[in-house]
Amino acid sequence: MGILNITPDSFSDGGRYFSVESALNQALSLIKDGADIIDIGGESTRPGAKPLSLEDELDRVIPVIRAIREKESNRLISIDTTKSIVAEKAIEAGADIVNDISGLTMDDEMSSVVAKLDVPVILMHRLGSSETMQQNPVYNDIIQSIIDFFNQQIHLALSCGIAKNKIILDPGIGFGKTVDHNFTLIRKLDKFCELGYPILIGPSRKAFIGATLDLPPEDRKEGTSAAVSAGILNGARIVRVHDVKEMKRVVTITEKIRTAA
């Protein structure tokens with residue numbers, strides 16, 4: 001899954017793809033580099049980010065989805081949003097998957113809208129909002145806390161009519177977690193696999209890598225590679241990344257190791 005942030009303030013690439021033309025060119029580049037899914041987001045979810053209005057989010061993402069669909073008819077597109085109206089408009093414009101970083105908690109209509117659209121949905125765990133999530137996140141047992149959250153939100157999704165085979169889980173690396181929490185999530189990812197749903201991880205260029213290696217976002221490819229590889233070996237089946245060309249190579253070798261006789 002290649003990341004396409006149509007924002008002025010995302011932590012790693014904010015402002016780089018803010019026009020429709022630049023966003024389209026980046027999407028086509030990600031596809032050329034091997035992305036199977038293009039994940040489009042119009043609202044920054046970096047720590048401390050302010051909420052974005054519905055109108056502004058629609059204005060950012062819908063033209064880009066339409067532009068990509070005109071050029072690329074088969075590649076999957078996911079819409080990274082917590083708003084049901086954005087999800088619905090994005091699917092109508094040509095997106096295929098709803099990626100809800102709130103795990104169906106921010107918009108009471110999201111679960112019923114996803115069920116009506118009959119599309120896959122990614123349920124991510126996040127502690128608090130983007131504004132507050134990194135303000136001293138504390139858990140008694142982080143793995144069990146996230147499992148409990150997933151069980152609750154899976155029940156909600158199923159009860160609203162979302163098919164079991166359309167649910168994907170994301171433990172939310174970097175979203176309301178300390179540096180150590182993030183390493184624990186990757187190390188114990190198999191615990192989430194036991195729930196019986198595909199697992200997505202998004203460690204790309206994140207602060208836990210920067211804090212450990214003392215590096216800025218653009219220099220975190222090696223750290224991201226290690227996190228992606230370990231995540232796959234521990235059960236991840238979708239990896240959300242910025243550097244698709246390099247991570248595609250990491251995934252290819254890791255999968256050969258994982259499936260070797």
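Taken together, the values in this text are just the output of simple stated rules run on the coordinates, not laboratory data. Keep in mind it's a predicted model, so treat the numbers as computed, not measured. Note: ideal-geometry Cβ built from the backbone for every residue, glycine included; neighbour counts use all protein chains shown.
Here are the numbers for the structure shown:
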quantity: Over the chain, relative contact order from alpha-carbon pairs under 8 Å, at least 6 apart, %; calculated: 16 percent
quantity: Förster radius 35 Å - calculated FRET efficiency between TYR139 and GLU218, Cβ distance, rounded to 0.05; calculated: 0.70
quantity: Where the Cα pairs of region 1-150 fall when distances are cut into 5 Å bins, in %; calculated: 2, 10, 19, 22, 20, 14, 9, 4, 1, 0
quantity: Cβ-placed point charges (K, R +1; D, E -1), dipole of the chain about Cα centre in debye, nearest 20; calculated: 780 debye
quantity: Dipole of the chain [Lys/Arg +1, Asp/Glu -1 at C-beta], most positive-end residue of GLN134, ILE97, GLY41; calculated: ILE97
quantity: Extent along principal axes [Cα atoms of region 2-259; Å; largest to smallest]; calculated: 42, 41, 39
